[in-house]
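The structure appears below as structure tokens.
The values are calculated or read from the model by the stated rules, or taken from the named source; none is laboratory data. Computed from a prediction, not measured in an experiment: that's the story for all the values here. Here Cβ is always computed from backbone atoms with ideal geometry, including for glycine, and neighbour counts include all displayed protein chains.
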Amino acid sequence: MSKREDAKEILKCLGLPKPQQNERSCLTLLALAGLSEVDSWSDTARPLHRIWDIMAWMKEKYGKEYAANSRETIRRQTVHQFEQARVIDRNPDDPKRPTNSGETRYQLTDEAVTVLRSFGTRAFSKKCEQFVKRHGSLTQAYERARHRLKVPVTLPDGTKVKLSPGLHNQLQRLIVEEFAPRFAQGSVVAYLGDTAQKRLVAASETLNALNIPEMNHDKLPDVVLYDERRGWIFLVEAVTTHGPVSPKRHAELESMLKDCPARRVYVTAFMDFAGFKKYASEIVWESEVWIAEFPDHMIHFNGDNFLGPYPRNKETARDS
């Protein structure tokens, strides 16, 4: 294997998260170990390097040149995690050096050096186990932190699920727990997306009964509520950073749902009025807007009825 591949294996075994198992992090580790492609891991050293020194080593020894403005990315997305994982120390030569000093230096810890020098030997696995046992796995630590920050959601039937952290999923929780009881009473959650794992809730039997093929689930809005009594399906987009139910999005969904027997109610949900104002001009007519900041109210975008599906053929509807 190449030195980059070796470094990736080491970082993985030391419990570094996947985002820190990339080429940038591998080259950073090699620079901090003072190793070129032809050196042996047993020759691992402990040079004191600034970020600039690390970048210079990457260029000189591995032909990888990063732009000057990549310095901060290396610091925040690689070196910071190395420090958290106890792979490196910051300013071991001068612990009083100011945090924002341009002379800040990094050096492999003694324990990390012991692990690196054992790579390729039978002792490597044991050394890694000892390191992780003492300092913990950063991957597992991050997972525990994410789990604590997850957004709990109680579905209409009392089932509890957890969404990954974030404002978007906070809004989805409010759609299920605040919008649905007010404006879609008796509905079931047929689909609930998640920013990390797209299909958190997908009621296959309900979706199949509505002729929504499995392959189309990922194209659905963030929340889908089905009111069997009225035969209505609420298609709710939660808008925090992405757009509302626009004419283009409406046309796409109508095409996808052409065989769905339920009558459609399109809803764009916002966390607050400021978010609504930002996207107001993009919202399709004959749809609804719900703002979590004012949960008891809806904004109706034109049409001859409020909060309900619209007939596809209006002339027929007027004559009936």
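Couple of notes before you dig in:
- If you go through segment 60-72 and keep only what is surrounded by 14 or more Cβ atoms within 10 Å (Cβ to Cβ) and either free of Cβ contacts under 8 Å to residues at least 40 places away in the same chain or of a type in the set (S, T, N, Q) (or both), you end up with 61, 70, 71.
- Residues in segment 77-99 include at least one that is touching a residue at least 40 places away in the same chain (Cβ under 8 Å), surrounded by fewer than 13 Cβ atoms within 10 Å (Cβ to Cβ) and of a type in the set (Asp, Glu).
- Test: residue in segment 279-292 that is part of a loop (DSSP other than H, G, I, E, B), without any contact (Cβ under 8 Å) to a residue 60 or more places away in the chain and on the phi > 0 side of the Ramachandran plot: yes
- Residue satisfying condition, being β-branched (Val, Ile, Thr) and modelled with pLDDT under 95, within set 268, 316: 316
- Residues that are over 24 Å from residue 128 (Cα atoms) and modelled with pLDDT of 90 or more, drawn from segment 76-93: 91, 93
- Residue in segment 257-269 that is within 25 Å of the chain's Cα centre (by Cα) and part of a loop (DSSP other than H, G, I, E, B) present: no
- Once segment 44-84 is narrowed to residues that are assigned to a helix (DSSP H, G or I) and among the polar types (S, T, N, Q), the residue that is farthest from residue 111 (Cα to Cα) is 69.
- Residues of segment 234-256 satisfying the condition of being within 11 Å of residue 221 (Cβ to Cβ), of a type in the set (A, V, I, L, M, F, W, C) and more than 23 Å from the chain's Cα centre (by Cα): 234, 253, 256
- Filtered residue count, segment 1-33, keeping only those that are farther than 19 Å from residue 121 by Cβ and not in a helix (DSSP H, G or I): 5
- Of all residues in segment 105-116, those being farther than 16 Å from residue 1 by Cα and either outside any helix (DSSP H, G or I) or of a type outside the set (Val, Ile, Thr) (or both) number 8.
- When 76, 117, 97, 86 are checked against the criterion of being over 24 Å from residue 136 (Cα atoms) and not β-branched (Val, Ile, Thr), 97 stands alone in meeting it.
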